[in-house]
2 protein chains.
Amino acid sequence: MTPFRISFCCSNTDPAPWLAGLRAALPQANVSVWQPGDALADYAVVWAPPQQFFDEQPQLKGIFNIGAGVDALLKLRLPPQATLVRLEDAGMAVQMAEYVSQAVIRHFRDLETYAEDVRNGHWTTYPPRQRSNFPVGVMGLGALGARVAQALAHFEFSVNGWSRSIKALDGVRGFAGAAQFNDFLASSRVLVNLLPLTPDTANILNRDTLSRLQPGGYVINVARGAHLVDDDLLALIHSGHLAGALLDVFRTEPLPSAHPFWREPQITITPHTSARTLRDDSIAQIVGKLDALQRGHSVGGIVDPLRGY
Amino acid sequence: MTPFRISFCCSNTDPAPWLAGLRAALPQANVSVWQPGDALADYAVVWAPPQQFFDEQPQLKGIFNIGAGVDALLKLRLPPQATLVRLEDAGMAVQMAEYVSQAVIRHFRDLETYAEDVRNGHWTTYPPRQRSNFPVGVMGLGALGARVAQALAHFEFSVNGWSRSIKALDGVRGFAGAAQFNDFLASSRVLVNLLPLTPDTANILNRDTLSRLQPGGYVINVARGAHLVDDDLLALIHSGHLAGALLDVFRTEPLPSAHPFWREPQITITPHTSARTLRDDSIAQIVGKLDALQRGHSVGGIVDPLRGY
C-alpha cells in the first residue's frame, strides 16, 4: 500500500496506546494526534471531535468512529465524500449481553431487594417470581441487540424483539416496524432499549409507549439518554405502573447532581459503562476495514446519514 | 396403579399447595402431611424431616427429597431398603446459572463498585478489566454445575471444570480427581463451588486450596456452608490474596447476626436464594419418578449413601 496519513481526534481518550496500536498494525501509515493547522489526512479516527476538525480536514476519505452510536457525529457538518464507519461489536456485544443479563436477572430474582435487606442485617426470603410472567422485549436487533436477545433466551426468558424489518433469531419472537410496535410493547414486561438514536427514535420511551408495557414493567436503557422522556418515566414509576428502571445513558453525561434520577429509589443508574470501547478489538477492526476500503472492498458498519445509523 | 400412601414431611414449607399438586397428579394416592403416630406410608416427600419420621416409617419404599443436596438427610438413620431420590434440575439449574452468571459479571465488570460510587453521588469510570485475566473454575459438574459452566462459556469467559471423573462439556476445560485439583485451582481466578457435601468435600475451601487460586481470586459458594472454612476465607481476604467472595450458604442458616461475614465489606451474602425449589417443576419430577419406580423402571437422581450424593 502507498503511504497515507491518519489523524486521531478523540475526546476523553488517552491517545498514546491507540497511536502505538495503529502504528504497529499499519507501519506504512503516518498516524498522529490531530492539532489545529495539521497537514491534511486521508483517514480519521474520531470520538466526539469538534466541528473545527472537519472544517480543517474537508478531504478525508474515511472516518472511523470508535463507538457504535454515531448520533453525535451526525450533528456535525461532515465532508460529504467521506465514508463514515462505526464500530460493530468489537467486544461490545458480549459486554452488552453481560450488562443486560445481569440487570434482568437481578430484577427477576429480587437480588437488589435481598442486597438491601442484607445491608440492614435482615435474612429474608421472598416467593420466587414466575419466569412465564417476565417476557422481555428488546428494541433494536443489530449486533448488540441480537446478542442481548440471545443471552436472555439462553436463560429461558420469553424474549420479544422489535426492529425496523423482521429479524429471525432463535428463541426470539420477532416484531417489526410501527405496525407491530404496540403489540410488541403489550407483550413485554421488561423493556431493553438498544436502538440507534435518530430523529425517528428520539423520545421513543415516553408516557404513551411505556404505559403499554405490562403492569410492573421495568425499563433498561443502554442506548442513548435522548430516547427517554425523563419526566414520563418518573411519572409512571410514581403511579405504580412501572416497577423501576436501570439507566446507563442520560441526556447530559455525567448526570447532573440535581437530576431526580440520582434520588429515585426505583431507578438504578450506572455511569455509561454498559459496553466500553475495547482498544485492542477496536484497533483490529478499524485496521481491517481501512485495509478493505483501500483495496476498494466493501465493509460492514458504513453509516447511512439519511437513516441515521 | 394400586392405591398407595404418600407421607409429606417438609420443614419450612407450606404443605397445602404441595398436597394439592400431588393429589391432582396422583388421584389413586392417599397423600397427607405426616403427624406422629400416622399410618404407614409407601413413599415419603421430605425436606429436613426429624429422625422420628423415619423411626416411625421403617417400611418406606421410596424417599423423595425436595432439594438437590441430601447431606443433611444422610446424617439420619434411614430405612435401608428405601430408594432415596434427590431432585435433579427441576428448574434449579437455570436459576443457578442466573445467580452465578450475574455474580461473575458484576465482579468482572466492577458493577458493585459503580453501585457504591452512585450511592455516594459519584459518576466514575474505571478501566475495563481483561477477560483473558478472568478464568473461572467450576467445582462440581452435575446438572447444576454443567449448566453454570455453559452459561459462563456463553459470555466468553475461560471456564475450567473440576469433577470426580472427567466430563466433556463444550467450551469447558476439564480437570478430574485429586491428581488435577491443584492444577485446576492454579488455572482459576474465580472459583464457583457446586459440589455435593460429603465427608470428602467438607472443608474443601480452606487456606491451602484457596491460596492456590490466582491473585485477586474471588470465591462464589452456592453449595453448602460446610464446604468453606470461614476463618480461612477471612484471613485470605485480609491478606489481600483474595479480592472477595459471594456466599449464599452458611454453616448455620440464617447466618447468626454476630458472624463476621455480615460486616466484611469484601463479602457479599445472600440468604440461600441461589436456586429455589420450584413447586410445580418439583411435583412433576417426583410424580414422574414415582410412577417409574412403581413400574420397576430406573430413575435419575438415586442417591448412593456411600458416595454421599
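Of the accessible area of region B:1-132, computed with a 1.4 Å probe over protein heavy atoms only, carbon and sulfur atoms account for 53 percent. The mean sequence separation of alpha-carbon pairs under 8 Å and at least six residues apart, normalised by the residue count of chain A, gives a relative contact order of 16 percent.
Taking the DSSP beta bridges with both ends in region A:144-226, the antiparallel portion is around 10 percent. Using the alpha-carbon positions of region B:92-269, Rg (one decimal) and Dmax (whole number) come out as 15.7, 50 Å. Using all pairs of distinct alpha-carbon atoms, the Kirkwood hydrodynamic radius of the protein assembly as shown works out to 27.1 angstrom. Within the assembled protein chains, the solvent-accessible surface assigned to A:Asp14 is about 100 Å², based on a 1.4 Å probe. Each part reduced to its alpha carbon centroid, region A:202-251 and region B:242-279 end up 33 Å apart. Take the accessible area of chain A alone and of chain B alone, subtract that of the pair, and you get about 3800 Å² summed over both chains, using a 1.4 Å probe.
Mean-square fluctuations from a GNM of chain B, with a 10 angstrom spring cutoff on Cα atoms, peak among B:Arg164, B:Arg212, B:Arg224 at B:Arg164. Compared with the dominant principal axis of the Cα atoms in chain B, helix B:92-108 is inclined by about 10°. Taking the Cα centre of the protein assembly as shown as origin and assigning +1 to Lys and Arg Cβ atoms and -1 to Asp and Glu Cβ atoms, the resulting dipole is close to 780 debye. Between 0 and 90 degrees, rounded to the nearest ten: what's the tilt of helix A:15-25 against the longest Cα principal axis of chain A? Orientation of helix A:15-25: about 60 degrees from the principal axis. When every alpha-carbon pair in region A:237-309 is counted, what percent end up more than 14 Å apart? Result for the distance tail: 75 percent. Each of A:Leu111, A:Gln28, A:Pro50 was scored by the projection of its Cα onto the charge dipole of region A:1-130, and the greatest displacement toward the positive side belongs to A:Gln28; charges sit on the C-beta of Lys, Arg, Asp and Glu.
Backbone geometry of region A:209-226 corresponds, through the Karplus equation with coefficients 6.51, -1.76 and 1.60 at θ = phi - 60°, to 3J(HN,Hα) couplings of 6, 5, 5, 7, 5, 5, x, x, x, 9, 10, 10, 10, 10, 9, 9, x, 6 Hz, x marking Gly and Pro. Mean-square fluctuations from a GNM of chain A, with a 10 angstrom spring cutoff on Cα atoms, peak among A:Asn221, A:Asn193, A:Asn12 at A:Asn12.
Residues of region A:147-161 whose accessible area (probe 1.4 Å, heavy atoms of protein chains only) drops by at least 50 Å² once all protein chains are present, relative to their chain alone: A:Arg147, A:His154, A:Phe155. Relative to the longest principal axis of the Cα atoms of chain A, helix A:143-154 runs at roughly 30 degrees. Mean residue ellipticity at 222 nm, helices only, chain B: -8500 deg cm²/dmol; runs of at least 4 DSSP H residues each add -39,500 (n - 2.57), and the sum is divided by the number of residues.
Looking at chain B alone, DSSP beta bridges between its own residues are antiparallel in about 5 percent of cases. At q = 0.13 Å⁻¹, what base-10 log of I(q)/I(0) does the Debye formula yield for chain A when every alpha carbon is treated as an equal point scatterer in vacuo? Values, matching the q order: -0.96.
Relative to the Cα centre, the charge distribution of region B:92-269, modelled as +1 at Lys and Arg Cβ and -1 at Asp and Glu Cβ, gives a dipole magnitude of about 320 debye. Sorting A:Asp200, B:Asp55 by solvent-accessible area of protein heavy atoms yields A:Asp200, B:Asp55, largest first, with a 1.4 Å probe.
Averaged over the residues of B:96-107, the number of partner chain Cβ atoms lying within 10 Å of the residue Cβ comes to 5. Rounded to the nearest 20 debye, the dipole size of chain A about its Cα centre is 400 debye, using +1 on the Cβ of Lys and Arg and -1 on the Cβ of Asp and Glu.
The residues of region B:153-207 have, on average, 46 Å² of accessible surface per residue, using a 1.4 Å probe with all protein chains present. Of the trypsin sites (Lys or Arg not before Pro) found in region A:12-102, those that fall in a DSSP loop while having at most 13 other beta-carbon atoms within 10 Å are A:Arg77. GNM remark for chain B: springs join alpha carbons under 10 Å apart, and the peak mean-square fluctuation among B:Ala245, B:Ala223, B:Ala20 falls on B:Ala20. For A:Ala176, neighbours were defined as the other residues whose beta-carbon sits under 9 Å from its Cβ, and their charges (Lys and Arg +1, Asp and Glu -1) total +2.
Within region B:92-269, antiparallel bridges make up roughly 5 percent of the DSSP beta bridges whose residues both belong there. What separates the Cα centres of region B:78-101 and region A:140-180 is a distance of 32 Å. Sorted from greatest to least, the principal axis extents spanned by the alpha carbons of region B:1-87 come out as 33, 24, 22 Å. Mean sequence separation of contacting Cα pairs (under 8 Å, at least six apart), scaled by the length of region B:92-269, corresponds to a relative contact order of 16 percent. Please name the residues of region B:265-290 whose accessible area, counted over protein heavy atoms with a 1.4 angstrom probe, falls by no less than 40 Å² between the chain alone and the full protein assembly. Going by heavy-atom accessible area, the residues of region B:265-290 that drop by at least 40 Å² are B:Pro271, B:Thr273, B:Arg276.
The values are calculated or read from the model by the stated rules, or taken from the named source; none is laboratory data. A quick note: this is a predicted structure, and the numbers were derived from the prediction, not measured. Positions of Cβ are generated from backbone atoms using ideal geometry, with glycine treated the same way; all protein chains shown enter the neighbour counts. For the accessible areas, the whole protein counts, side chains as well, though only heavy atoms, and no ligand, DNA or RNA atoms are used. Shrake-Rupley method; radii C 1.70, N 1.55, O 1.52, S 1.80 Å.
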